[in-house]
1. Name the one entry in 256, 327, 302, 346 that is within 17 Å of the chain's Cα centre (by Cα) and surrounded by fewer than 19 Cβ atoms within 10 Å (Cβ to Cβ).
2. Could you give every pair whose Cβ atoms fall below 7 Å, whose first residue belongs to segment 66-82 and is in the same structural domain as residue 107 (by TED's automatic domain parsing), and whose second residue is surrounded by fewer than 19 Cβ atoms within 10 Å (Cβ to Cβ) and not in a loop (DSSP other than H, G, I, E, B), counting only separations of at least 6 or pairs across chains?
3. When you scan segment 171-194, do you find a residue that is within 15 Å of the ligand (Cβ to nearest atom) and at pLDDT below 95, even just one?
4. Regarding segment 238-251, can at least one residue be identified that is touching a strand residue (DSSP E or B) at 6+ places or on another chain (Cβ under 7 Å), in a helix (DSSP H, G or I) and modelled with pLDDT of 95 or more?
5. Could you grab the pairs with beta carbons closer than 6 Å, sequence gap of 6+ or different chains, first residue in segment 337-362 and under 26 Å from residue 223 (Cα atoms) and free of Cβ contacts under 8 Å to residues at least 12 places away in the same chain, second one within 11 Å of the ligand (Cβ to nearest atom) and in a helix (DSSP H, G or I)?
6. Considering each of 42, 52 in turn, give the residue that is within 14 Å of the chain's Cα centre (by Cα), buried (at least 24 other Cβ atoms within 10 Å of the Cβ) and not in a loop (DSSP other than H, G, I, E, B).
7. Between 343, 362, which is within 16 Å of the ligand (Cβ to nearest atom), in contact with a strand residue (DSSP E or B) (Cβ under 9 Å, 6 or more places away or on another chain), in a loop (DSSP other than H, G, I, E, B) and modelled with pLDDT of 95 or more?
8. Report the residue count in segment 134-146 for those that are without any contact (Cβ under 8 Å) to a residue 60 or more places away in the chain and out of contact with any helix residue (DSSP H, G or I) (no Cβ under 7 Å at 6 or more places or on another chain).
Ligand SMILES: Cc1cc2nc3c(=O)[nH]c(=O)nc-3n(C[C@H](O)[C@H](O)[C@H](O)COP(=O)(O)OP(=O)(O)OC[C@H]3O[C@@H](n4cnc5c(N)ncnc54)[C@H](O)[C@@H]3O)c2cc1C
């Protein structure tokens, strides 16, 4: 059966840059665009900023360094890192990076430039920061469709407590993590064919205090697999993260794993309780834009003319990647750009690019670019790079 609805949607607001999704990609994009003096609206379907990094209980800000002594990610990525620990860290505090000028300490084992932060504090501190910078935040608001004329989006249709409305836009940043806007706008996209393992990260409180529990680790690349580091999966099923029914099943399975884990831990500690569970599905890779360039993990230490910043490999020491601007957009939809875990990379590179620092790096570039143009294919990349450098970003490995 099909139901045919004819709906007239009211355009109730307009902005220069509409950022869809308030995870680390969207936060960075909104901040960067607002600092360029543009009218920025940030849509978030939850009532909290941070995406997987708060609502998803993923609170380890992975490294800004390459593991052999060089900081590689800068700008808003570093600013958010410092904000996340401005009222103290939960664990992994990198004093060798934050409190010491002794560079010889920066290669210490287990002391990369990473930290575990408190999700509640971070979400409120970052909300304050965005508001102070003039970003308008619309919580509880889902982007559900786009209206296009020719090869540009002219409005994004949203749904929230007020019903269905639209926001007219000059440019749009897709920071939904799942490339939802890419899909609505019919820009080219790819999905993660292997599917995601079940995860059930949660916080608990018991005899040992307040702790992050990490149930469900990601897949290990084939070349790093040994007899001793096989990943135990919670269930024998993979998840695409792109199907409404499947996401509900995934959430219920995640809750069941958490509850079973608590029952098991109560044998030793009858006081233990979960204090915070995810309010968004803990899924790593779903859909991404198929952009003008697709970055691969083999392009380590490669110089790109259009680099917008650098990232490291959180899984091993040494690799540095320059991120080409062309991985953020497709010229099929000229005023749409991606930030966060839905940029244009191969599957092996996706596992590197999906983490928090990389999302912030692409977010800053996407937001800055979105403030400059409504046609990314003709943007003067040197002008963009100039602005990023002014804001503290280092673009090329040779400049470290
Ligand atoms: C189990 C697990 C463990 C991980 N471990 C780590 C780790 O230890 N360290 C690390 O750095 N990274 C880790 N990651 C990866 C990292 O957390 C995420 O990839 C990163 O935070 C993604 O940021 P993002 O902004 O791209 O997307 P998201 O955090 O997914 O943010 C997207 C936001 O958009 C909103 N949204 C989505 N669709 C819409 C829509 N249509 N309309 C409006 N809003 C929408 C969502 O509610 C969300 O807030 C982990 C991920 C998982 C799942």
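The values are calculated or read from the model by the stated rules, or taken from the named source; none is laboratory data. Note that the structure is a prediction, hence the values are computed from the model and not measured. Cβ placement follows ideal geometry from the backbone for every residue including glycine, while neighbour counts extend to all protein chains displayed.
1. Numbers: 256 fails: within 17 Å of the chain's Cα centre (by Cα); 327 fails: surrounded by fewer than 19 Cβ atoms within 10 Å (Cβ to Cβ); 302 fails: within 17 Å of the chain's Cα centre (by Cα).
That would be 346, the only listed residue that is within 17 Å of the chain's Cα centre (by Cα) and surrounded by fewer than 19 Cβ atoms within 10 Å (Cβ to Cβ).
2. Hits for this filter: 68/107; 69/103; 69/107.
3. Within segment 171-194 (the criterion being within 15 Å of the ligand (Cβ to nearest atom) and at pLDDT below 95), the answer is yes, since at least one residue qualifies.
4. Narrowing segment 238-251 to residues touching a strand residue (DSSP E or B) at 6+ places or on another chain (Cβ under 7 Å): 238-242, 246, 250.
When the remaining residues are screened for being in a helix (DSSP H, G or I), the result is 246, 250.
Right, trim to modelled with pLDDT of 95 or more and you get 246, 250.
Yes; the residues of segment 238-251 include at least one that is touching a strand residue (DSSP E or B) at 6+ places or on another chain (Cβ under 7 Å), in a helix (DSSP H, G or I) and modelled with pLDDT of 95 or more.
5. So the pair list comes out empty.
6. Details: 42 fails: within 14 Å of the chain's Cα centre (by Cα).
After ruling out the rest, the residue left standing is 52.
7. Numbers: 362 fails: in a loop (DSSP other than H, G, I, E, B).
Exactly one residue qualifies, and that residue is 343.
8. Narrowing segment 134-146 to residues without any contact (Cβ under 8 Å) to a residue 60 or more places away in the chain: 144-146.
If we keep only those that are out of contact with any helix residue (DSSP H, G or I) (no Cβ under 7 Å at 6 or more places or on another chain) as well, we get 144.
Of the residues in that region, 1 qualify.
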